[in-house]
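Here's the structure, in structure tokens; my notes come after.
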Amino acid sequence: MNKFLRNLFKRKSHVKLGLYGPPNGGKSTLANKICEDWLGESMSSVSHIAHETREIVIKEQISIKNKKGKELSFSLVDTPGIATRIDYEDFIKRGMKNTMAKKRAKEATKGVIDSIKWLDTMEAVVVVLDSTQDPYSQVNITIMGNLVARDIPVLIAANKVDLKRSNMDRIKAAFPQYNVVGISAKYGKNVDEFYEELFKVVK
Amino acid sequence: MVTFQFIPYGEVEYLSSAKRINRLLNIVKENKIVLMEGRLKKQEEADLIEITMEEINSKFRGIELSVIYPDNKHDGMKKVKTHVMNALLGDRRGMTIIGPANVVRKIEQNPDKIELFTRDSKKRRR
């Protein structure tokens with residue numbers, strides 16, 4: 001019923017588009033690429049240390065155009081990476097001081113909770129996966145399962161295809177029922193195809 | 001030494017989602033690895049992650065979670081039958097493995113195989 005009412009009253013031309021996935025998949029890098037391409041400014045800070053994004057970041061009113069001139073308008077929601085474990089000692093190993101590591105871990109746990117809570121408000125989601133990593137993680141499967149259960153359209157962005165260890169086939173095999181587009185958000189590789197796929201998913 | 005605790009589906013079947021998750025998490029927080037018959041609902045898996053995050057502290061660093069689930073490639077009546085059975089009896093197929101992050105370093109999952117790496121051992125195969 002909620003879904004029906006949401007569909008009835010939502011403006012089809014303006015949706016809330018979420019970037020979801022495990023930490024360090026490149027969600028914020030992709031968010032920045034989208035914003036730089038269409039707004040001329042970046043959105044989130046990025047880091048090689050996991051859990052750099054620990055709060056939901058929203059960019060309103062992004063309009064993109066495809067090759068046919070069709071326009072798609074959305075609010076972009078960059079979410080903290082979803083994880084089942086957060087160990088402050090992992091941050092210490094990456095060179096952080098004890099106090100900062102504990103603070104980051106605490107904020108990261110809150111970020112995961114917020115990401116999950118915000119799932120219900122999304123109208124379409126791009127799941128950003130690191131294509132060099134094993135896609136069969138339970139976090140990925142749980143995210144996908146919850147999106148399906150909520151009937152939210154999904155596009156999988158297999159990121160970091162510029163790296164040698166990237167394996168698109170493994171991601172396609174893990175999630176055969178979804179559209180998967182390989183990109184390098186960092187270097188802008190294949191992002192045009194990503195935008196075209198976005199039009200197919202967000203109708 | 002690593003302790004595994006088996007939870008038959010019948011043991012959590014009639015619990016509410018919140019109680020079911022708490023039951024599993026309480027065992028994990030005793031540094032035991034849970035082997036549960038069947039699987040949680042999709043929403044319960046998300047709730048499990050959420051509650052785990054709420055409980056993280058200096059001693060409890062989270063969980064490693066994995067689910068082995070048979071491929072659901074049945075057609076027609078068999079698929080309908082499976083859905084009806086799941087709705088009536090709960091989803092008893094497959095197995096859920098939940099381990100404390102300070103004991104289980106990583107669980108690698110392929111569709112029909114799980115490899116569990118503990119903090120101080122090399123490799124265990126299931």
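Please compute the modelled spin-label separation between A:E107 and B:E30, points set 7 Å along Cα→Cβ, answer in nm with one decimal.
Label-label distance for B:E30 and A:E107, simple model: 3.8 nm.
Partner chain Cβ atoms within 10 Å, averaged over the residues of A:145-155 - can you pull that number for me?
2
Hey, how many Å between the Cα centroid of the range B:2-45 and the Cα centroid of the range A:31-62?
If you average the Cα positions of each part, the centres end up 37 Å apart.
Could you rank the peptides A:31-38, B:19-26 by their average count of other C-beta atoms within 10 Å per residue, with the highest value first?
Ranking the peptides A:31-38, B:19-26 by packing returns A:31-38, B:19-26.
Would you grab the residues whose amide H sits under 5 Å from the one on A:G182? Only those 5+ places off in sequence or on another chain, please, with H modelled 1.01 Å from N.
Those lying under 5 Å, H to H, from A:G182 are A:A158.
How much length is gained on full extension from A:R150 to A:L39, taking 0.36 nm per residue of separation minus their Cα-Cα distance?
Extending this stretch completely gives an extra 36.9 nm.
Among A:M100, A:M144, A:M43, determine the one that fluctuates most according to a GNM of chain A built with springs between C-alpha atoms less than 10 Å apart.
Maximum among the listed residues: A:M100.
Rg and Dmax in Å for the protein assembly as shown, alpha carbons only: what are they?
20.2, 63
Sticking with the crude label model, points 7 Å out along Cα→Cβ, report the distance from B:N22 to A:E193 in nm, one decimal please.
Rounded to a tenth, the inter-label distance reads 5.0 nm.
Would you kindly derive the ³J(HN,Hα) couplings of the range A:23-32 from the backbone phi angles with the Karplus curve 6.51 cos²θ - 1.76 cosθ + 1.60 (θ = phi - 60°), listing them in order in whole Hz, with x for Gly and Pro?
x, 6, x, x, 4, 6, 5, 5, 4, 5
Just A:Q133, A:Q61, A:Q177 to compare: in a GNM of chain A, with alpha carbon springs under 10 Å, which one fluctuates most?
Largest GNM mean-square fluctuation: A:Q177.
Only counting other Cβ atoms within 10 Å, I'd like A:E41, A:E52, B:E45 sorted with the fewest neighbours first.
Fewest to most other Cβ atoms nearby, the residues stand as A:E41, A:E52, B:E45.
Is there a pair in A:K97/B:K19; A:K59/A:K160; A:K27/B:K41; A:K93/A:K186; A:K16/B:K29; A:K103/B:K32 whose C-alpha atoms are over 32 Å apart, and which pairs would that be?
Those over the limit are A:K97/B:K19; A:K16/B:K29.
Counting each DSSP H run of 4 or more residues in the protein assembly as shown as -39500 (n - 2.57), what helix-only mean residue ellipticity at 222 nm follows after dividing by all residues, to the nearest 500 deg cm²/dmol?
About -11000 deg cm²/dmol.
Could I have the simple spin-label model distance between B:E115 and B:Y69, label points 7 Å from Cα toward Cβ, reported in nm to one decimal?
With each label placed 7 Å out from Cα toward Cβ, I get 2.3 nm.
How many times 2.2 N^0.38 Å is the alpha carbon radius of gyration of the range A:1-139?
Compared with the compact-globule rule of thumb, the range A:1-139 sits at 1.15.
Where a number appears in this text, it was derived from the coordinates with a stated rule and is not lab data. Just so you know, these numbers come straight off a predicted model, no measurement behind them. Here the Cβ is made from the backbone with ideal geometry for all residues, glycine too, and neighbour counts use every protein chain on show.
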